[in-house]
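Chemist: Dropping a structure here in structure tokens format, bear with me for questions.
The values are calculated or read from the model by the stated rules, or taken from the named source; none is laboratory data. Everything numeric here is computed off the predicted structure, so don't read it as measured data. Cβ coordinates were reconstructed from backbone atoms using ideal geometry, including for glycine residues, and neighbour counts include every protein chain displayed.
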Amino acid sequence: MTAMTRRDLLAAVPGALLSGTLEASSQTTDKTLTALAVSKGLIYGAAAANWQLDRDSILRRTFSRQCGFVVPEWEMKWGAIEPIRGTRDYSAPDRIVAFADSHGLKVRGHAALWYRNLPKWVEPALKTEGEAVIVAHINDLLAHYKGKIRSWDIVNEAIEPKDGLQDGLRNSAFLRWLGPDYIARAFSIAIEADPDIQPFYNEYGLYHNDDTDAQRRTAVLNLLEKLKTQGAPIYGLGIQGHLRLDRPFDPSVFATFLRQVANLGLKILITELDVDDRYLSQTVSERDRLVGDRAASFINVALAELSVEGLLTWGLSDRYSWLNSSTNPTRTDGTMNRCLPYDENF
């Protein structure tokens with residue numbers, strides 16, 4: 001593997017054209033990340049939040065030039081839309097959609113059901129009212145964006161083997177009050193609300209070559225097989241891609257997992273790629289080389305699988321990465337985690 005900088009992320013992906021059923025942006029400016037992706041039949045995009053776009057004109061310009069897709073970091077999550085029951089406010093996610101529209105970008109929906117960022121009223125309501133609670137939320141969410149958003153993370157992070165439950169399911173409010181079939185039902189509810197969407201199950205921790213991620217891979221495969229058996233209208237698997245340099249990565253293990261998912265007839269999207277370098281003590285240039293090498297290894301394996309439709313990074317610039325946030329500082333030497341295609345100075 002030739003050493004790569006972070007900025008070279010997409011330049012060395014395999015040349016085979018993919019079917020790319022997710023429409024990418026029409027912009028084809030040479031040497032942009034999205035143009036590199038489109039030239040290979042792929043999509044490229046990144047996550048952003050309103051506060052980031054509001055404060056930084058360089059971020060806005062870079063986003064409009066380099067990306068074909070934008071994903072709201074928090075704005076579409078349940079806790080952001082309906083913190084108080086019956087008071088649903090789409091103004092924040094609508095601003096993300098408006099930004100995308102103004103620059104010819106497309107939007108991914110993220111995420112309909114997630115165990116975190118859940119309004120406090122939801123679990124008591126699930127206990128007394130059951131499935132009707134998620135039916136109302138999913139129906140309203142997808143109705144609001146019908147015709148505007150095609151690709152959706154319908155269920156996010158429903159697996160947690162450490163919880164010790166059957167099938168590795170996470171001990172979430174949804175599981176406690178709706179039972180394990182809530183996942184299949186969520187997909188059915190979503191496709192009934194908007195038959196034109198591409199519904200994804202989205203999960204982290206599927207790529208490192210250690211026992212923790214091996215257990216999660218097994219549980220996710222079992223879940224996907226069960227969903228297919230149940231006839232759930234799932235389109236694909238979103239693989240987040242939060243890579244850590246202190247954990248091993250075996251390309252052959254990851255390639256086998258991707259093929260197993262593809263053999264179920266599912267598409268795959270890398271949805272939240274970044275690289276955590278918190279445990280590295282090397283110079284910035286050496287850290288960048290190691291981050292670039294890990295990203296290149298991961299991307300080359302992912303995009304060699306014909307069912308993979310593209311990738312999104314969880315942000316564009318280190319300046320706005322969750323890995324460098326005040327609530328999640330990951331380095332102790334005063335420098336930023338070098339985790340995304342652009343550093344803090346773009």
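Chemist: Just one of (1) within 15 Å of A193 (Cβ to Cβ); (2) touching a Lys or Arg at 6+ places or on another chain (Cβ under 8 Å) trips up D163, so point out which.
Modeler: (1)
Chemist: If I ask for residues that are touching a residue at least 24 places away in the same chain (Cβ under 8 Å) and either outside any loop (DSSP other than H, G, I, E, B) or touching a Pro at 6+ places or on another chain (Cβ under 8 Å) (or both), which ones from the stretch 323-346 would you list?
Modeler: Those that are touching a residue at least 24 places away in the same chain (Cβ under 8 Å) and either outside any loop (DSSP other than H, G, I, E, B) or touching a Pro at 6+ places or on another chain (Cβ under 8 Å) (or both): L323, Y342.
Chemist: How about the stretch 14-41: which of its residues are out of contact with any helix residue (DSSP H, G or I) (no Cβ under 7 Å at 6 or more places or on another chain), modelled with pLDDT of 50 or more and either hydrophobic (A, V, I, L, M, F, W, C) or on the phi < 0 side of the Ramachandran plot (or both)?
Modeler: Correct list: D30, A35, L36, A37, V38, S39, K40.
Chemist: Turning to a different aspect of this structure: Looking only at the stretch 149-169, filter to residues that are in contact with a strand residue (DSSP E or B) (Cβ under 7 Å, 6 or more places away or on another chain) and charged (D, E, K, R); which one of those is farthest from R185 (Cα to Cα)?
Modeler: Across the stretch 149-169, the extreme among qualifying residues is R150.
Chemist: For residues that are aliphatic (A, V, I, L, M), within 14 Å of Y145 (Cα to Cα) and within 20 Å of the chain's Cα centre (by Cα), tally how many sit in the stretch 185-220.
Modeler: Number satisfying all stated conditions: 3.
Chemist: Need pairs with beta-carbon distance below 9 Å; first residue aliphatic (A, V, I, L, M) and within the stretch 199-211, second assigned to a loop (DSSP other than H, G, I, E, B) and at pLDDT 95 or above; sequence gap 6+ or separate chains.
Modeler: Every condition considered, the pairs that remain are L206/Q240; L206/G241.
Chemist: Contact list please: Cβ distance under 8 Å, first residue in the stretch 151-162 and at positive phi, second residue in a strand (DSSP E or B), pairs at least six apart or on different chains.
Modeler: Every condition considered, the pairs that remain are E157/W114; E157/N202; E157/E203.
Chemist: Next question, about the same structure. What's the total number of residues in the stretch 77-117 that are at negative phi, part of a loop (DSSP other than H, G, I, E, B) and not hydroxyl-bearing (S, T, Y)?
Modeler: 11
Chemist: If you take the residues in the stretch 201-247 that are aromatic (F, W, Y) and within 25 Å of P341 (Cα to Cα), which one is surrounded by the most Cβ atoms within 10 Å (Cβ to Cβ)?
Modeler: The residue in question is Y207.
Chemist: Could we say that R287 is buried (at least 17 other Cβ atoms within 10 Å of the Cβ) and either among the hydrophobic types (A, V, I, L, M, F, W, C) or part of a loop (DSSP other than H, G, I, E, B) (or both) here?
Modeler: The answer is no for R287.
Chemist: Restricting attention to the stretch 49-76, and to residues there that are part of a loop (DSSP other than H, G, I, E, B) and of a type in the set (G, A, S), which single residue is surrounded by the fewest Cβ atoms within 10 Å (Cβ to Cβ)?
Modeler: Selected residue: A49.
Chemist: Quick one: in the stretch 236-263, of everything that is part of a loop (DSSP other than H, G, I, E, B) and touching a helix residue (DSSP H, G or I) at 6+ places or on another chain (Cβ under 9 Å), which residue is nearest to L303 (Cα to Cα)?
Modeler: G241
Chemist: List every residue pair whose Cβ atoms sit under 7 Å apart, with the two residues 6 or more apart in sequence or on different chains, where the first one lies in the stretch 87-111 and is of a type in the set (G, A, S) and the second, anywhere, is part of a helix (DSSP H, G or I) and buried (at least 17 other Cβ atoms within 10 Å of the Cβ).
Modeler: Between residues of the stretch 87-111 that are of a type in the set (G, A, S) and residues that are part of a helix (DSSP H, G or I) and buried (at least 17 other Cβ atoms within 10 Å of the Cβ), the close pairs are A92/N50; A92/A80.
Chemist: Looking at the stretch 303-311, is at least one residue without any contact (Cβ under 8 Å) to a residue 40 or more places away in the chain and either aliphatic (A, V, I, L, M) or surrounded by fewer than 22 Cβ atoms within 10 Å (Cβ to Cβ) (or both)?
Modeler: Checked against the condition, which is being without any contact (Cβ under 8 Å) to a residue 40 or more places away in the chain and either aliphatic (A, V, I, L, M) or surrounded by fewer than 22 Cβ atoms within 10 Å (Cβ to Cβ) (or both), the stretch 303-311 yields no hits at all.
Chemist: Could you tell me which of the residues G315, G292 is closer than 24 Å to T32 by Cα and either part of a loop (DSSP other than H, G, I, E, B) or among the hydroxyl-bearing types (S, T, Y) (or both)?
Modeler: G315
Chemist: Which residues, taken from the stretch 267-284, are of a type outside the set (D, E, K, R) and either surrounded by fewer than 18 Cβ atoms within 10 Å (Cβ to Cβ) or at pLDDT below 95 (or both)?
Modeler: Within the stretch 267-284, Y279, L280, S281, Q282, T283, V284 meet the criteria.
Chemist: Going by the conditions given, is D194 closer than 30 Å to P124 by Cβ and touching a residue at least 12 places away in the same chain (Cβ under 8 Å)?
Modeler: Yes.
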